[in-house]
Each structure stands twice: as structure tokens, then as C-alpha cells.
Amino acid sequence: MNNVFVYIETEGTQVAEVSQELLTKGRKLADQLGVELHAVVAGTGIKGKVEDQILPYGVDKLFAFDGEGLFPYTSAPHTDILVNLFKEEQPQICLMGATVIGRDLGPRVSSSLTSGLTADCTQLEIGDFDDVKTKKHYDNLLYQIRPAFGGNIVATIVNPDHRPQMATVRSGVMQKAIYEGKAKNEVVYPEVSKYVSPEAYVVKVLDHHVEAAKHNLKGSPIVVAGGYGMGSKEGFDMLFELAKVLHGEVGASRAAVDAGFCDNDRQIGQTGVTVHPKVYIACGISGQIQHIAGMQDSKIIISVNSDPDAPINKIADYVINGTVEEVVPKLIKYYKQNSK
Amino acid sequence: MTKPLKIVVLAKQVPDTRNVGKDAMTPEGTVNRAALPAIFNPEDLNALEQALRLKEQIQGSTVGVLTMGPPRAGEIIRQGLFRGADTGWLLTDRLFAGADTLATSYALATAIKKIGDVDIVIGGRQAIDGDTAQVGPQVAQKLGLNQVTYAEEILKIENNIATIRRHIDGGVETVEVPLPCVITVNGSAAPCRPCNAKLVMKYKYAMCPLERQPEDPRADLYASRDYLNLNQWSVADVDGDPNQCGLSGSPTKVKAVQNIVFQAKESKTLTASDADVEGLIKELLDEKIIG
């Protein structure tokens, strides 16, 4: 009762990184609340294959549902599992990845349980809440903090009266870490048919095709990102060259992706990837808030922009006033000349 | 022979948050809604296109646009009619105001029940003012229907089963779902067709009652051409429970809203000269920031 739950997403027997990131966050929240961290995973042929990818992140109890028809994911069976498990376990918090699966499953579960859900949170904290209308005071609610209105404002959302308090978080927003403390590490394998009705398997997956990620933007220590100011798809070629010599990856702002200069899986920002590199080189990026939200934790930010008043310059460590066409080739040239 | 489909498109009028200019925030730090044009939510247009294609493929099918919002959201229905929709419904009532996704989906589901015998409910994956992607699945749950989210194309409908290609993380998937069902469409799906000039002529004066002026010079027109009178429903019209609508039907509460202020850094400003760029590279190399 009253514990913190994390829904674990899998591709076959591979646990999604975002789920591990949420376990680390969930462990902190559970410690703060003095409750246990529980995890729930559902798939086909997962027994004995996923536990080691889940338990080290501080899980006290793992509910592993292993059965035919649970992979590839479809909405109804996974919804039945969570809804019926939550009716028994009465968790106070449930976290899931803001992935295609999490954003399909979360709302369905929240609607079934009439509990509130907040999408794409960027911070999760515990705090008190006073309802000004009802004059009621609540202790230890989950603050679900998320950008709203295209990233122009940040809203703190609470679910005072409904449980579980549900939130989704994008991949890369939280950081995973093996838990140093002692967790109970109990694993149970519930009977799937007790939770899922036979009619739930009605949606058939005819074909399921996932390719390994083409790049490691999220984990790259050096990111070269381009904005609308790059002007064209060809303009991005020099960013790929700069990224190659620096052993980094190329990212893009939403404006550049929308304009077709770069693939959308490289989009950095509130609606794309969140990155925390050592060096972030922003080329022709003006710095809309929704973009900055995805890269502000970079250690060193270098902005190359012909507009000295570009908003991104305010958070940059180095500002180079100049056109990308002039500056980027020089960065490549002088790096090649000076590095060994 | 596939039986004709009754399709409802969920569409929302949203502030255009993608093109936020410098005047989008007031000096007090609140959102200046007036500075943001109201548009048809982009992914809802992708959904409308899928619906119109089905209408063309399966004879006798109908497409209706369901939207919730203030009276001016009647524009969304007109935009649908201009592109080939047959009808529309505006859910408008002060009791709907302040709804979170759950209260919104309750209102929409109640209206869909009122419309009745719907084969496909289809909408955009998410709206650009909230980016939550929650309303589609929640409507599906409230109607007890199967859902397919992130759809890119409805490949075929045969024997009351839809075959749909959908986007998933890092790939694609093809699924079969029996009708009736709820589908949400991803922005990577086919773009919507433009307005049809003949339909614009036909429907340009189509309005919901609340949009019309009291001294309407075209009152005769509305009396003689019923298709110009758009459907407008209140909570009572859809037999809704006021407690499940709007603010009172919303489990989530907004505790605080803050303007985003980024911590400005002390930055070094350089020119594009060779000396400055080389100096920077050397500095980064010396400090082992880049290798």
C-alpha cells in the first residue's frame, strides 16, 4: 500500500533506459516518503532475463508478468495488468516513460482509475499543497513539474485527491544510477490470466520493426546543434563534419527539423531529446525556451550566431558573433591544426 | 462490400505555440494569448485527412468534426467543412471550462455517445498547447473502445477490421483492430488537403448560434439553408454530469505557474576572426574540455 511504482518498458527482453532512469528517481521519492519502490514489467519470455536490469536500481519488489500476447505491447492487456494490480496495491505514485508506449498506456490507466496524469514532467518533487478553494491542506504530494504552452511557462501540477499520482517523463531527463543502499529485491510472477481478460488480446500486431538507434545523441559528450539559421539541409553537412572531427553528435532545434534540414530523431528540446553534454555548440539557434529546456544543463555552451541579441547568447559561455558559414569551417580548421 | 462508416474527427483550436514571438509573454510574465493566432491543431489536420480518405474509399461514409471550446472554435468546424467534412458539433459551455485531459475526454466521450453509432473516432496524437497526447486514449477508455495511437496511415478496412501502420519508438508497427475504435494520428502522416473553393463558398457563412450577431443581416440565409446552422451543444444537451466536467471533473490541479527565467551566464564574446576562433579552440584544448 501507498508505495511508489514504476512501469518498466521492454523491447523483447531489453529493458528501456528511461525505465531505469525512472527507477532511480522513484527510489529517491520512495526514500523521501519512507515507502517502498515497486516495479511492474510485462512481456513474453522475460522471466530470468529482465530482473538483473531492474533490481539494481533499488527495487524492493518487482511484479513480473510473463505470458503470450504481452509482447509486442498492445494497450488493453497492459492496461488490465496495471489497473488490476493498482486496485490491489493502492500505490500513491506511478511513473512511466513518456515514450510511445507510456503515452498510450498512461492515459488509459489514468482514465480507468480516474486518477490524474501529468505528461512529460521535467522535475518531480515532494511537497505540501494548500487548496485555496476547499481550504484543505495536503502533506507530501508529488509535484509534477512540466513546461506548458509550447515551453513558454512551467506549471507545477498536483493530484490532491486521487491515487495513484501518475506522471510520465521523457528519456534522458532523469539520470540512472545503481542504488548504493539496501533494497529488498523481491520478485513475484503473478498469474497473467488473473489480471488480463481474454478479450483484451483483440488488437493484433502483424508486423513490429525496431531499428537500433542510428546515433547516440543523448549520451554524447559533445553536441553540435543547428537551428533554422543553418539555412538548408546542405548547411547541416558542415555540422556533421564538425561533429565528426570533434567525435560528437549532431542535434537540431525544432525549427530546423520542421524546415526539413535534419531528421526529427535529432531534435533537442522539450519535445525532443534532452542532452547533458560537456560541450554544446549551438549554430544558428536563436534559443526558444522549448529548445533551451533540452540543453541548459550542458557544461560549456558555445553559441555561433550572427544576431548578437539571440536569446541563447544569454546562457552561453562563449558567444561568437558571426555567420555559421564563416565560423564553422574555421572551428574545423583550427581544431584539426591544434589537436594532436 | 464494406459498410459505410460513421467517422468523428476530434479537433481542437489551439494557440500557435510553435511561432512564439517576443510579444508572446506580457511584461507581467503571463501568456499573451492575443499575440498567438488561433489555429487548427496541426495533428488534427492529419487525422482529418485520414478520415476524408476513408470517406472517399468507402461509399456512403460520413465525416463529422467534434470540437470543444469557446464559440469562436466554430471556425474549426468550418475548416473541416471546407475540406470535405459533412457536419460538425461544437461543445461549448462555461461548465466545460478549466478541464484537464480527463474532464475533456469525459465531455468528448459523452458527446460521441450522443452522436451515436460511431465506427471510428479519430484525432491528432496531441495538441500543441499541451503536448500531452492523453485525450485520445482517455476517450477510448471512457467509450470502452480499442485504441491505436501514433497512427501514420490507415492501410485498409475490411470485414470491420482496420489495418493501421503506426509509429513506435525507433521503428514502425502494423496492427489490426476491430471497429469501432479510437485512432490518434501522428504528425508524420500525410498532410491534410487544402480547402476546396466550392466548399468554402458553400459554407463560409456556416455558424454556431453563439457565433452569430443579434442583428444578423443574413438571418434569412440561416432560415433558408439549414446546413449553415452548425450544431452547438452544452453539458445539458449531451446529458453530461456537470461534476465530471471542467474544473470540478479534473483530478489534476495547477499549483503554480511560473515564467521561465534562465540563469544568465557571464559570457565571453568573440568575433569570427581567425585569431578569435583559433584562440577559443586552443583554450578548450588546453583545458581538456575537448580532446
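Every read-out reported here was derived from the displayed coordinates using simple, explicitly stated rules and does not represent laboratory data. Quantities reported herein were computed from a predicted structural model and do not represent experimental measurements. Glycine also receives a Cβ, built like all others from the backbone with ideal geometry; neighbour counts cover every protein chain displayed.
Structure data summary
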| quantity | calculated |
| --- | --- |
| For the protein assembly as shown, alpha-carbon Rg relative to the globular expectation (2.2 N^0.38 Å, N residues) | 1.00 |
| Charge dipole (chain A, unit charges on Cβ, about Cα centre) - positive-most of A:Ile178, A:Asn84, A:Val328 | A:Val328 |
| Antiparallel DSSP beta bridges within chain A, as percent of all bridges there, nearest 5 | 25 |
| Antiparallel DSSP beta bridges within region A:4-202, percent to nearest 5 | 35 |
| Per-residue [θ]222 nm for chain B (sum of -39500 (n - 2.57) over DSSP H runs n ≥ 4, rounded to 500) | -8000 deg cm²/dmol |
| Region B:205-221 - phi-based ³J(HN,Hα) in whole Hz, Karplus 6.51/-1.76/1.60, Gly and Pro as x | 9, 5, 8, 7, x, 6, 7, 7, 7, x, 9, 6, x, 9, 3, 5, 4 |
| 3J(HN,Hα) from dihedral phi, region B:69-84, Karplus parametrisation 6.51/-1.76/1.60, rounded to Hz, x for glycine, proline | x, x, x, 5, 5, x, 4, 5, 5, 4, 4, x, 4, 4, 9, x |
| Dipole of region B:6-249, positive direction: furthest Cα of B:Ile77, B:Val135, B:Tyr227, with charges on the beta-carbon | B:Tyr227 |
| Ranked list, fewest to most other Cβ atoms within 10 Å of each Cβ, for A:Asp258, B:Asp220 | B:Asp220, A:Asp258 |
| Per-pair calculated FRET efficiency, R0 = 45 Å: B:Val257 and A:Thr323 via Cβ, rounded to 0.05 | 0.75 |
| Positive-end residue, region A:4-202 charge dipole about Cα centroid, Cβ charges, pick of A:Leu37, A:Gly127, A:Cys94 | A:Gly127 |
| Size-normalised alpha-carbon gyration radius of region A:217-340, reference 2.2 N^0.38 Å | 0.93 |
| Within region B:160-197: backbone nitrogen closer than 12 Å to the B:Gln57 label point (7 Å, Cα to C-beta) | B:160-165 |
| Extended-chain gain in nm, criterion 0.36 nm per residue less alpha-carbon gap, A:Asp307 and A:Ile178 | 42.1 nm |
| Student exercise, chain B dipole from Lys, Arg, Asp, Glu Cβ charges, in Debye to nearest 20 | 800 |
| Cα→Cβ-extended label distance, 7 Å offset, between B:Ala38 and B:Gln213, nm | 1.8 |
| Magnitude of the charge dipole, the protein assembly as shown, Cβ model with Lys/Arg +1 and Asp/Glu -1, debye to 20 | 600 |
| Within the protein assembly as shown, percent of DSSP bridges classed antiparallel, to nearest 5 | 35 |
| Label-point separation in nm, A:Glu199 to B:Leu247, each point 7 Å along Cα→Cβ | 3.8 |
| Backbone N within region B:156-189 under 15 Å of label point (7 Å from A:Asp265 Cα along the Cβ vector) | B:167-173 |
| Cut-off under 5 Å, modelled amide H: who pairs with A:Gln165 long-range | A:Ile93, A:Cys94 |
| Under-5 Å amide H pairs with A:Lys184, H placed in peptide plane, nonlocal only | A:Asp60 |
| Gained length - A:Asp31 relative to A:Lys214, 0.36 nm times residue gap less alpha-carbon distance | 62.2 nm |
| Integer Hz, Karplus 6.51/-1.76/1.60 couplings in order for region A:10-15, x for Gly and Pro | 10, 10, x, 10, 9, 7 |
| Dipole moment magnitude, nearest 20 debye, chain A about Cα centre, only Lys, Arg, Asp, Glu C-beta charged | 580 |
| Chain A, relative contact order [Cα under 8 Å, separation at least 6], % | 14 |
| Under-5 Å amide H pairs with A:Ala177, H placed in peptide plane, nonlocal only | A:Thr24 |
| All lysines inside 17 Å of B:Lys204 as judged from Cα atoms, apart from same-chain residues fewer than 8 positions distant | none |
| Efficiency of FRET between B:Lys282 and A:Lys244 - r from beta-carbon atoms, R0 25 angstrom, step 0.05 | 0.75 |
| Label-point gap, in nm, between A:His137 and A:Met1 - each point 7 angstrom along Cα→Cβ | 2.4 |
| Per-selection Kirkwood Rh - region A:4-202 (Cα, Å, 1 d.p.) | 17.0 |
